[in-house]
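Worksheet: one structure, shown below.
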């Protein structure tokens, strides 16, 4: 155990002794050999020693900038997609920089989540991949729930896509009809409103006038995957920086997209109870509610 | 490796030599010692050797009946819930009857999924727990996607709850207001329509006239968790029984709850594309669509 910990401490010191993203990137550049030294530990934490926050070296932080490009490219892998993009980018980063037990887990675990789980249009796979990583680290239930709801809420209101890859993936070169250049990206952004894949994708594609199964959709979702992966890394860092025992995470307040609804639809109602944390109005708008329903302000 | 395989073969032979659920239950009854022999293998498959179908002994099958009672009780654990219920029941069953690498993974991984992920009201946690287990076993992408969409579709149209526990959990004794006896359970059933927690729970609670955070809701969802866990075990068995290479899984046909919609909203549309596998009409009913929308037959 001490042998393993000291090995990880060496990596951590190399990453943080000087500090900053540039230094981190240089360590990452020669990361393949560092990763090799941690893939087959003979002692130390195993996947069963869950959750894994307890095995992170003191002061450990992820590099949010470093997970974006791998997340973007993993999206385009065969049997890849959004969940594989965010999950594999974060897990490989953790395996390379924190070692065991992250390096003992399969980076391919997120492939099932593409298209809102097996193409079903449920929860956005990039979110699900991120949630699965948060779940592996955060040990306190209250903080875990706060982080998860915060990530989901953030997604509903964020403008996607925002990441511009360093290298455009070969899979999209010459195929997109929209201008995904860094200068024009802001003109392609919408807020999903919902954390569900089919609402997020359909809304963006309709706004942009493109099909939901074409190269423009792929270019949008691959960049969104990078955005979400980086957000998850930032959130985990915020949690790890907490100095309380147990660590805490301050989620953003639930906004008016639910508050006006839950006044009449509390969990405790015996006629129309609603147990939900997500924003109501993107799905249940005035337009979609029966005429007998009070108008939502 | 051969040492480990032969150990697992011995367990498999003990379970299947005579066959049938009764024999299986007897083996389970003395399962603690069997589990002990497989928890710390010195050789054999590890969690990284993913997916795990390749490590299952020939002819291996789960016992769907055996996962129900553990799933029901795990729901009531502190920081338990629906996702922990289905996930832990299936994983502990796999660990006890198939050994590595299932016995090297944390059975607590599903706690985050309660209440549609951290109480957010998204995908029903019992489904998410089941999907995470299917994902660990099924190696073929086409079969994996077919199984996952089939599970989600089945849930939308199934009548819940249907399981009656052998022993009512102490947490609900004397607290429920409805009659959850086996004879009356059929009178408490509804079909969720949606795979989302908040729609599933709200619909059932409104139909039964109970709150979404009270003991009746817990009694419903704990039994539903057992139903879903058993369904997942049945589906994995169906997949394992496939004799093709790669194995196949025949999903039920997508029914009229989507077909009439996708005619006007195909993925390929550039005005209103929808990429989704779920039933549309439970959320997008005639009542909820704008007056300019054609009436859904």
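The values are calculated or read from the model by the stated rules, or taken from the named source; none is laboratory data. Here the structure is a predicted model, which is why all the values come from computation and not from measurement. Positions of Cβ are backbone-derived with ideal geometry, glycine not excepted, and every protein chain shown enters the neighbour counts.
Sort out which residues of the stretch A:189-215 are farther than 22 Å from residue A:151 by Cα and more than 10 Å from chain B (Cβ to nearest Cβ), and write them in order of number. Matches in the stretch A:189-215: A:207, A:215.
Table: residues versus (1) under 19 Å from residue B:122 (Cβ atoms); (2) outside any loop (DSSP other than H, G, I, E, B); (3) without any contact (Cβ under 8 Å) to a residue 12 or more places away in the chain.
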{"residue": "A:199", "(1), (2), (3)": "yes, yes, no"}
{"residue": "A:204", "(1), (2), (3)": "no, yes, no"}
{"residue": "A:210", "(1), (2), (3)": "no, no, no"}
{"residue": "A:216", "(1), (2), (3)": "no, yes, no"}
{"residue": "A:235", "(1), (2), (3)": "yes, yes, no"}
{"residue": "A:239", "(1), (2), (3)": "no, yes, no"}
{"residue": "A:267", "(1), (2), (3)": "yes, no, yes"}
{"residue": "A:278", "(1), (2), (3)": "yes, no, no"}
{"residue": "A:291", "(1), (2), (3)": "no, no, yes"}
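Could you check the stretch A:120-152 and list, in sequence order, the residues that are surrounded by fewer than 24 Cβ atoms within 10 Å (Cβ to Cβ) and over 22 Å from residue A:89 (Cβ atoms)? Listed by number, the residues that qualify are A:139, A:140, A:141, A:142, A:143, A:145, A:146, A:149. The lone criterion from (1) over 26 Å from residue A:119 (Cα atoms); (2) in contact (Cβ under 8 Å) with a residue 60 or more places away in the chain; (3) in contact with a strand residue (DSSP E or B) (Cβ under 9 Å, 6 or more places away or on another chain); (4) within 14 Å of chain A (Cβ to nearest Cβ) left unmet by residue B:223 is number (4). Checking each residue in the stretch A:47-96 for being crowded, with 19+ Cβ neighbours inside 10 Å, within 13 Å of chain B (Cβ to nearest Cβ), touching a residue at least 40 places away in the same chain (Cβ under 8 Å) and part of a loop (DSSP other than H, G, I, E, B) picks out A:47, A:50, A:51, A:81. I'd like to verify a number: residues in the stretch A:111-148 that are closer than 13 Å to residue A:82 by Cα, more than 7 Å from every other protein chain (Cβ to nearest Cβ) and assigned to a loop (DSSP other than H, G, I, E, B), how many? Qualifying residue count for the region: 3. When the stretch B:247-297 is examined, which residues are found to be under 20 Å from residue A:116 (Cβ atoms), modelled with pLDDT of 90 or more and more than 7 Å from chain A (Cβ to nearest Cβ)? Selection gives B:249, B:265, B:266.
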